[in-house]
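Notes follow once the structure below has been shown.
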Amino acid sequence: MRAIWFVSQVVLFGVIAANMVSVPDYFQYYVAGLSVMTLYSTAIFIGFDIYEEAEHGVFEYLLSLPVSRRDLVIGRSIGGGLRAFIYVGPLVAISLIVIGAINPLNFAVALFALFLFSFGISGMSIAIAVLIKSSDRFDIFMGVLDAFIVRLSTSMYPLAVIQGTNPIYGWAANFNPLTFAADLFRWGTGIEKIIYIQNPLLSLIGIVAFFGLFTLLGITIYERMIEGGGWR
Amino acid sequence: MVEHDFRNFFRYKWWLVGLISMNLADLFVSALVYNTILKLSVRSEIGSYFNFFAPGLAVTGLFASAFMIGREVNMERRREVHHYMLSLPMARWELAIGRVLSGGLRGMMYMSPLLLTCFIFVGFPTVWQLLLILAVLFLLAVGISGLSISIAASTSSLEKFITARGAVYYVLFFCSTVFYPIQVIQSAGPALATLAEINPLSGASDMIRSILLPQFFKNFSYLSILYIAAFSAIFTSTATFAYMKLIERA
C-alpha cells in the first residue's frame, strides 16, 4: 500500500510540483524528503501494535518473558525502527537511483542517522500509545501531529523558505527531528544542489538527542503505565 | 437512513477535528510556504498559491469525508449489520440510494467550514454563485460517496479497502488541478493534462476558482460540470447496484 502511495507521490506530485516551484532540482529535493516522510509514517505504526497486543492478550505474554521492562521497551523501539527501515529500504533505494545519489561515505553516516531517527520515532509512538490508551484517540493525535511535524519540516521545502514565510514556522522547523533527518539524508546523497545544511554534525546531534530523549521517555512511561494492568 | 448515517458520522467528531486540523495545516503552512517559492510564470497565471489552493482544500475535505461512508459499509459487511438493514421497512434500492445520499450529505457538512474559510480569505460569491457551488459540490460528494461504497462492496477486508482508497486518492488528487494549475500539469505531460481536465475534482476546484478569482480563471469550461454529473451518475448507479447485491448475497 505504502509502495503505491510512494510511487504515485514521486511520479505525479514530485514531477508536476517540480514544474511549479523555483527551488533548483526540486524533484530530487522532494523525493529525498519523501523517503524520510515515509520512514516517519511507517515507524509510527508500532503504536498501533501496542493496542492490538493489549486487545488480543499478547501484552500479558510479553510481560511474562524473562526480560526486564526496560529491555522490553528498548527492544520494541529497536524492532519498530528496524521494521520501518526494512519496509522503507527498497523505496529509499529506488529514490536514490531516481535522484542519482553519488557519495557512499556520506550516505553511510546519513543511513546511521536515519536508523536512530526511526528508533526515536518508534519510542515516541510507544510512549504516546501507552499514555493515550485508546486507539481512536491515538489515531487522531498522530494524524494531527503528523500534519504539523511533516509540514513544519524541511521534508518538502528548504528551511530558508520556511523561515522567510513565517519566523515561527522557521523556529519550529529548526527543532523538528524530521528536518534533521531530511537534511542529513540529502547531505548523504552527495547531490550538491539539494544540500542546504552547512554543518551536518548539528543535524546528527539533533537526531541523537531526539533518539535519546524519546527512548528514555518511552522506557519511563512504559514502566509506569503498565503496572497493575495499566495498559488496558 | 440519512439520520442513521449522520448519527454515525458524529461518533467520529474527534476524528473530524483531527482531519480539519490536517486540512488547515495544509492551507496555513504548506500553501503559504509554496506561495513563496512559486515560479514567476506560475505566479502570473494563478496569483497567490494560498488563494489558488483554498478552493482545492474544500474539495479535499469533501473527498475525505464523503469517502468515510465506504469504511462504514465495509465494516457493516464484515460485522453482518446488513441483516438489520434488511429488516428496515423500505425497498432495497431506497436503502442503497439512502446510503449514497447520506455519504454525500456528510461530505457537504464536513466541507462547509473549509469552504467558509476559503470564502473568508479569497472572497465571497453572490447568492446564485453560492448555490451553483453548493449544487456542483453536492453532485461531486454523491459521486465520491458512490465510488466509496462501490469499492467497499467489492473489498472483503478493511485493509484492502484502505489500500484501494489510498490508490484512488493519490491518482485522483495528484492528477488533478487541486494542487497545481493545468498549465503546470501540461508542462509535465499532455496525457496527465488530459486526465486532469476530465477529473471531476479538477472541475469542482476550477469552478470555485473561476467564481472567486475570475481575473485568473476566466477560461473555465462548463463542460467540466458535465464531467462531474457523469461521474456522479455512474458511481451512484454502480454503488446502488453493488450495495443491493451485497445485502442480497449475505
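If the condition is being under 16 Å from A:Asn176 (Cβ atoms) and of a type outside the set (Val, Ile, Thr), then the range A:105-124 contributes A:Ala113, A:Leu114, A:Leu116, A:Phe117, A:Ser118, A:Gly120, A:Met124. Against the conditions (1) facing chain A (nearest Cβ under 10 Å); (2) modelled with pLDDT of 85 or more, B:Ile20 satisfies every one except (2). Scanning the range A:57-75 turns up no residue that is at the interface with another protein chain (Cβ under 10 Å from one of its Cβ atoms), basic (Lys, Arg) and surrounded by fewer than 21 Cβ atoms within 10 Å (Cβ to Cβ). Determine if the range A:159-171 includes at least one residue that is in a helix (DSSP H, G or I), hydroxyl-bearing (Ser, Thr, Tyr) and surrounded by fewer than 24 Cβ atoms within 10 Å (Cβ to Cβ). Checked against the condition, which is being in a helix (DSSP H, G or I), hydroxyl-bearing (Ser, Thr, Tyr) and surrounded by fewer than 24 Cβ atoms within 10 Å (Cβ to Cβ), the range A:159-171 yields at least one hit. Residues in the range B:71-87 that are surrounded by 13 or more Cβ atoms within 10 Å (Cβ to Cβ) and free of Cβ contacts under 8 Å to residues at least 24 places away in the same chain: B:Glu76, B:Val81. Among residues of the range A:178-204 that are within 17 Å of A:Val150 (Cα to Cα), those with a beta-carbon under 6 Å from a residue that is β-branched (Val, Ile, Thr) and assigned to a helix (DSSP H, G or I) at least six positions away or on a different chain give the pairs A:Leu178/A:Ile149; A:Phe180/A:Ile207; A:Ala181/A:Val36; A:Ala182/A:Val36; A:Phe185/A:Val36; A:Arg186/A:Ile194. Would you pick out the residues in the range A:199-225 that are closer than 11 Å to A:Phe180 by Cα and in contact with a Gly (Cβ under 6 Å, 6 or more places away or on another chain)? If the condition is that a residue be closer than 11 Å to A:Phe180 by Cα and in contact with a Gly (Cβ under 6 Å, 6 or more places away or on another chain), then A:Phe210 is the only one that fits.
In the range B:176-194, the qualifying residues are those that are modelled with pLDDT of 90 or more and in a loop (DSSP other than H, G, I, E, B), and the one that is surrounded by the fewest Cβ atoms within 10 Å (Cβ to Cβ) is B:Pro181. Filter the range A:44-60 down to the residues that are in contact with a helix residue (DSSP H, G or I) (Cβ under 6 Å, 6 or more places away or on another chain), closer than 22 Å to A:Val144 by Cβ and not small (Gly, Ala, Ser) and list them by number. The answer is A:Ile44, A:Ile46, A:Ile50, A:Tyr51. One residue stands out among those in the range A:133-148 that are in a helix (DSSP H, G or I) and more than 10 Å from chain B (Cβ to nearest Cβ): the one that is nearest to A:Phe185 (Cα to Cα), which is A:Phe138.
Considering the range B:212-221, and only residues there that are among the hydrophobic types (A, V, I, L, M, F, W, C) and surrounded by fewer than 21 Cβ atoms within 10 Å (Cβ to Cβ), the residue that is modelled with the lowest pLDDT turns out to be B:Phe220. Quick check: anything in the range B:234-246 within 18 Å of B:Leu131 (Cβ to Cβ) and not charged (D, E, K, R)? No; the residues of the range B:234-246 include none that is within 18 Å of B:Leu131 (Cβ to Cβ) and not charged (D, E, K, R).
Among all residues of the range B:196-206, there is none that is more than 20 Å from B:Gly103 (Cα to Cα), among the charged types (D, E, K, R) and within 10 Å of another protein chain (Cβ to nearest Cβ).
The values are calculated or read from the model by the stated rules, or taken from the named source; none is laboratory data. Quick caveat, the model's predicted, so the values are computed rather than measured. FYI the Cβ positions are ideal-geometry reconstructions off the backbone, even for glycines, and counts take in every protein chain you see.
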